[in-house]
1. Could you please tell me which pairs satisfy a Cβ distance under 8 Å, a separation of 6+ or placement on different chains, a first residue in the range 141-167 that is farther than 11 Å from Cys178 by Cα, and a second residue that is at pLDDT below 90 and away from ligand 1 (no atom under 16 Å from the Cβ)?
2. Could you tell me which numbered condition Arg103 fails, if it satisfies all but one of (1) more than 21 Å from the chain's Cα centre (by Cα); (2) in a helix (DSSP H, G or I); (3) surrounded by fewer than 16 Cβ atoms within 10 Å (Cβ to Cβ)?
3. Just wondering, is there one or more residues in the range 135-143 that are within 20 Å of the chain's Cα centre (by Cα), closer than 28 Å to His79 by Cα and not in a loop (DSSP other than H, G, I, E, B)?
4. Only residues that are in a loop (DSSP other than H, G, I, E, B) and either within 16 Å of ligand 2 (Cβ to nearest atom) or within 17 Å of Gly43 (Cα to Cα) (or both): list them for the range 58-90, please.
5. Can you tell me which of Cys157, Cys178 is hydrophobic (A, V, I, L, M, F, W, C), part of a loop (DSSP other than H, G, I, E, B) and modelled with pLDDT of 90 or more?
6. Taking interchain pairs and intrachain pairs at least six residues apart, which have beta carbon atoms under 7 angstrom, with the first residue in the range 102-126 and touching a residue at least 40 places away in the same chain (Cβ under 8 Å) and among the β-branched types (Val, Ile, Thr) and the second crowded, with 16+ Cβ neighbours inside 10 Å and not in a helix (DSSP H, G or I)?
7. Kindly indicate which of Glu168, Glu112, Glu159 is surrounded by 12 or more Cβ atoms within 10 Å (Cβ to Cβ) and either within 16 Å of ligand 2 (Cβ to nearest atom) or in the same structural domain as Asp44 (by TED's automatic domain parsing) (or both).
8. Within the range 1-27, count every residue that is within 14 Å of ligand 1 (Cβ to nearest atom), within 17 Å of the chain's Cα centre (by Cα), in contact (Cβ under 8 Å) with a residue 12 or more places away in the chain and part of a helix (DSSP H, G or I).
Amino acid sequence: MQSELPDDLKRCVEFHGHLCPGVVIGYCAAKLGMRELSARRAGDEELIAIVENDTCAVDAIQVLTGCTFGKGNLFFRDHGKMVFTFATRANGRSLRLCLRPARPPGMDEMPEDQRRGRQIEYLLSRDPSEFFDVRRDALTCLPSPARIRDSIPCESCGEMVMSTRLRERGQENVCIPCDKNDQKERVPV
Ligand SMILES: [Zn+2]
Ligand SMILES: [Zn+2]
């Protein structure tokens, strides 16, 4: 089956490590989102993605959209929902996709070891718009672009810390691990 996959899905599988329904769901969401917003893969931060889960799907989102954790244009909201919102900064357009039950008919009666393959086939055999509730311009304001912040030393452990992540502890500005640790220990974890 792997050899029949579209090239862009193969790239997602290579990055993710295996082929699974989750990565295919992310693939479908990214394809639909980019198509509807007429967006290209982001080299910088022109396209953003807000994901409301941390499942296999998000790896396909990162590969296809170029919205990545490191670049700061992938935003994780820990809601446990298969919801993906895409937006383009140039025109402020956005698209919210919420996955509907996407199980092929009769899947539950199939032997367990065939279900995943069947679901993947099913997801790839239809237009992705069939699997999502779509809401246009769902975002009234976009998350602010990533900014480069100065780093300054933690006054407890001495390690450099992004200035916006320092915490005040008494007279000192300390890093988050130092703030949490027993004052005697003073070893960041
Ligand atoms: Zn997976
Ligand atoms: Zn520290």
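1. That search, which allows pairs on different chains as well, returns Pro145/Glu45; Ala146/Glu45; Met162/Arg149; Ser163/Arg149; Thr164/Arg149.
2. For Arg103, the exception is condition (2).
3. Yes, some residue in the range 135-143 is within 20 Å of the chain's Cα centre (by Cα), closer than 28 Å to His79 by Cα and not in a loop (DSSP other than H, G, I, E, B).
4. Once the filter is applied, which keeps residues that are in a loop (DSSP other than H, G, I, E, B) and either within 16 Å of ligand 2 (Cβ to nearest atom) or within 17 Å of Gly43 (Cα to Cα) (or both), the range 58-90 yields Gly66, Cys67, Thr68, Phe69, Gly70, Lys71, Gly72, Asn73, Arg89, Ala90.
5. So the residue among Cys157, Cys178 that is hydrophobic (A, V, I, L, M, F, W, C), part of a loop (DSSP other than H, G, I, E, B) and modelled with pLDDT of 90 or more is Cys157.
6. So the pair list comes out as Ile120/Leu19.
7. Glu159
8. Counting residues in the range 1-27 that are within 14 Å of ligand 1 (Cβ to nearest atom), within 17 Å of the chain's Cα centre (by Cα), in contact (Cβ under 8 Å) with a residue 12 or more places away in the chain and part of a helix (DSSP H, G or I) gives 11.
The values are calculated or read from the model by the stated rules, or taken from the named source; none is laboratory data. The structure displayed is predicted, hence computed values, not measured ones. Positions of Cβ are backbone-derived with ideal geometry, glycine not excepted, and every protein chain shown enters the neighbour counts.
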